[in-house]
1. Considering every residue in A:14-22, what mean count of other chain Cβ atoms within 10 Å of its Cβ is obtained?
2. Would you list A:145, B:46 from fewest to most Cβ contacts within 10 Å?
3. Under 5 Å between amide hydrogens, which residues at least 5 positions from residue B:162 or on another chain qualify, with H placed 1.01 Å from N in the peptide plane?
4. Ordered by residue, what ³J(HN,Hα) values in Hz, to whole numbers, does segment B:129-136 give under the Karplus form 6.51 cos²θ - 1.76 cosθ + 1.60, where θ = phi - 60° and Gly and Pro are x?
5. Got a sec to turn the phi values of segment A:51-57 into Karplus ³J(HN,Hα) couplings, 6.51 cos²θ - 1.76 cosθ + 1.60 with θ = phi - 60°, whole Hz, x for Gly and Pro?
6. Each residue of segment B:93-109 in order: what ³J(HN,Hα) in whole Hz does its phi give by Karplus 6.51 cos²θ - 1.76 cosθ + 1.60, θ = phi - 60°, with x for Gly and Pro?
7. To make sure I understand, if each residue's beta carbon is the centre and we count other beta carbons within 10 Å, what order do B:96, A:162, B:48, B:113 fall in, fewest to most?
8. Assuming R0 = 41 Å, what is the FRET efficiency of residue A:104 and residue B:121, from their Cβ-Cβ distance, to the nearest 0.05?
Amino acid sequence: MASKRAKKIDYGVDMDMTPMIDIVFLLIVFFMVVTELSVQQAVVILPVANEAKVEEPQPDQVILVVNVSFNKENKQIIQLMNGSPLTPKELEVALKGEVAAHGKFEDNPNNPEVKLSTLHVTIRCDQGADAGNIHSIFAACQKARIYQVSCSAINERLEDPYADQP
Amino acid sequence: MARRRKAKGDPGEVETDMTSMIDVVFLLLIFFMLATKFKMPEGTLRSYLPKNRGESNSRPILSETCRITLMNQGGQVIAWADQSQVPLNDQLESDYEQFTGVAGPNLNFIEDYISGMKSRYVPLDGNGSLPVVIDFAKEVPYKYVIDVLNICARQEIVNIAFAQPEVPLE
């Protein structure tokens, strides 16, 4: 018996995929950029302080970030931005270099002969790290003539930061 | 001029099969969505270091101060508010305490103490803020220093000093 071939009816309905592909590509670009940003800073479990203020940096403000974190051997390390681990003395030298490179100073009302740097240092210290690191960083800042120092904290914790740790 | 419509199945027409590209794009999208970890916005507690150098202990104390001392005794943080020892928490309050399994000092006690001192404080010059000195041993976890700083910020205390070994300036 000869099979009767069904006649294909063309209703002329096409799905335009272009907007969907546009949006999907935009989403991919967004997630790629966000992922890149989130790994740029050292992994530091910041303490919680609900009085910490989230401030937008001023256009002419230069902020140096000093990270105090734990390395893979669970040893505390101090880093300027995401550089190599520094001793307090090396941090002082590095800060002095940054101050010289920045080259912007303001008058010191207490001592007119010594100008103060306009650089700003933000300390991102792990909540479990020794508070003695703060002494070292403050001393290094003071020797580098940096007097504007902030301590980073988050306003609230949404997830357990130690969930991954044994 | 009349537009000539291309007939379907015209051998000159080139069609691209988008299916495989869309598959890959969706896989990439799912990967990045899963790999992305959003960061919490970070705030800061601002401070200004002495513009000259820290005040020496040898300088006579001209006004009443509130001294919060934090010490570490074998992994246990002990706090003192002036001469009063701060009791320990009955339970593990923060994620850090839960991680270490060691209860810390009762922060409410410190806050009540500072608040009481602030209400009783009479500045010598008439408009000063209660000076608070935070004296911490170097082995104390940073979290507790920030907790005390946070309490000071909540109590609107701006005159805060860290007791620190004197470092000679070059």
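Since every read-out is calculated from the coordinates, none of them should be taken as a lab result. Fair warning: this is a prediction, and the values are worked out from it, not measured in the lab. A quick note on method: Cβ atoms are made from the backbone with ideal geometry, for glycine too, and the neighbour counts reach across all protein chains shown.
1. On the way: counts 0, 0, 0, 4, 1, 0, 2, 4, 0.
The per-residue average across the peptide is 1.
2. Numbers: A:145 21, B:46 16.
By the 10 Å Cβ count, ascending: B:46, A:145.
3. For residue B:162, whose amide H was placed from the backbone, the distant partners under 5 Å are B:134.
4. My calculation for segment B:129-136 gives 9, 4, x, 10, 10, 9, 10, 10 Hz in order.
5. With coefficients 6.51, -1.76 and 1.60, one gets 8, 5, 9, 7, 10, 7, x Hz.
6. Coupling constants for segment B:93-109: 7, 9, 4, 5, 5, 5, 5, 7, x, 10, 6, x, x, 6, 6, 5, 4 Hz.
7. With the fewest neighbours first, B:96, A:162, B:48, B:113 line up as B:48, A:162, B:113, B:96.
8. On the way: r = 38 Å, r/R0 = 0.93.
That pair, residue A:104 with residue B:121, gives E of 0.60.
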